[in-house]
Amino acid sequence: MSGYALPQQFHHPELQLVRGEGVYVFDAEGNRYLDAASGVGASILGHAVPEIVEAIRAQAATLAFAYGGLVDNDQRQKLAAQLQEWAPPDMGETRILFCAGGAEANEGALKLAYQFHVERGHPTKRKVVGRWQSYHGNTIATLSMGGRTVARATHQPLLLDFPHIPPPYPYRHPGEDLARAELLAKVVSQEGPEHVAGFIAEPVVGTSMSAVVPDAAYYPRIRAICDDADLLFIADEVICGVGRTGLRFGIEHWQATPDIITLGKGLSAGYSPLAAIILAEHVWRAIAEGSGHSSFGNTFGGNPLSCATGSAVLDIIERDGLVARAGEVGGRLRSALETSLADVDSVGEVRGVGLLLGVELVADRASKAIFAPEQRVAERVVAAAERRGVLLLAGIPGLIDGVGGDHIELLPPYVIEEEHTEEIVEVLPAAILEVMDEVARAKR
Ligand SMILES: Cc1ncc(COP(=O)(O)O)c(C=O)c1O
């Protein structure tokens, strides 16, 4: 350990960054790294963007803080109006709540979904069905909804008894997406619909499955099942929202409208802690016409500094057409990766949409056999890429069954240029081959 701030891996030395500029970050020795992970999906516009820096400076000099539990502020209303404009039209006239992080937003979504049912006279509808290999945050309730085995393991006795269904996974279970959606109906029937408040999913899965994109029929079927059983469909767009997939919200790739959307990460482009909950009209109206009160409150939610940051981010995205750009650049990057990784035997699949991309690594392409988890292949590939100056994310272990499966996630900023995609396309195969070489040598 090198300092007083505790890293997540106590004994693992971490890259210490001191500066960022555009799509690059720099360590104390002046080494430059291409931030192809946007930190962790947050720095979507790159670092030190002058307009955002100026918006933050101006707001800090005007009104940095106002407590949302007592007073309103103009920046909170401005950002809410922008998000209402952004929200899928079928959600009706939305209302927005703000907080500081994705977990807080998802925990708020859970509380509001439950409250929605209570207000309508159904107080037993309290469980939220989640999916395995999903992540909604690191608090107890969000870990309970999430299906990331490694994250749940240490706190298992504290978790809530929420059910989970397997995720769609076309690479390993082709043609089964619809059957997997059907499992929601089964679980709800087994739990009793009178006990289930909602269903939560990352429309395009982030770091737990690296960019799995279900087929076109999946979410419409999920929507229909939610309607039949009076469940709210919560779309966790903390990673896939704010334009990353080439549409404003990941769920817009399907004909399915959520009741609640949560956002985080890219909403402030990483410049300030900021997250949001978007409530469809029928959801907030049920509460407004009932108790007219929400217990969702927190010190930093809707603070003017973060909201002004979020507004500046959305303004830049709109001005520069960055949602469409994420789709186009992402499509080109994906094709280039498919080509450059075609002859790398340990690449099972390149997948994803827009700038939410993933690479699944396998010990054998034909059988899709996985590497032994203790080989930590994905982690080593990411380390090898870092040595070559490109930052990527190692997918969370447990992709297949909670234990095994290696995958790499790419979440580049929306502003990457041709030269940056070329750098990624060159470095990733080299990093994979370096590790495969080590793995082969260790076998001999
Ligand atoms: C899909 C998804 N939801 C929620 C979260 C939690 O967000 P936060 O870390 O801001 O609490 C994350 C973070 O990685 C995420 O990827």
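Throughout, read-outs are computed from the coordinates displayed, never taken from laboratory work. This one's a predicted model, so the numbers in the text were calculated from it and none came from an experiment. Heads up, the Cβs are rebuilt from the backbone with ideal geometry, glycines too, and the neighbour counts pull from every protein chain shown.
Structure above, values below:
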quantity	calculated
In nm, spacing of pseudo-spin labels at Gln255 and Ala324 (7 Å Cα→C-beta vector)	2.5
Gaussian network model of the chain, springs between alpha carbon atoms under 10 Å - residue of Leu410, Leu158, Leu143 with greatest fluctuation	Leu158
Measure of compaction for the stretch 59-102 (Cα Rg per 2.2 N^0.38 Å)	1.33
Ala442/Glu51 FRET efficiency (R0 51 Å; Cβ-Cβ; nearest 0.05)	0.55
Volume per residue of the C-alpha convex hull in the stretch 1-62, rounded to whole Å³	130
Reference-scaled alpha-carbon Rg (2.2 N^0.38 Å with N residues) for the stretch 77-190	1.23
Within a Gaussian network of the chain (alpha carbon springs, distance under 10 Å), most fluctuating of Ala385, Ala394, Ala61	Ala61
The chain: most fluctuating residue of Gly147, Gly395, Gly68 per GNM, C-alpha cutoff 10 Å	Gly68
Cα-derived Rg to Rh of the stretch 277-422, Kirkwood definition	1.11
Along principal axes, Cα extents of the stretch 53-319, largest first, whole Å	55, 41, 39
Aspartates and glutamates whose Cα lies under 18 Å from that of Lys78, excluding same-chain neighbours fewer than 8 positions away	Glu51, Glu54, Glu93, Asp315, Glu318
Percent of Cα pairs exceeding the 20 Å cut-off, where the set is the stretch 340-444	34
FRET efficiency estimate (nearest 0.05) - Cβ-Cβ, Leu160 to Asp74, R0 45 angstrom	0.75
Protection proxy ranking, peptides 75-86, 280-291, average beta carbon neighbours within 10 Å, highest first	75-86, 280-291
Cross-link table Lys368/Lys443; Lys265/Lys443; Lys265/Lys368, entries beyond 29 Å C-alpha to C-alpha	Lys265/Lys443; Lys265/Lys368
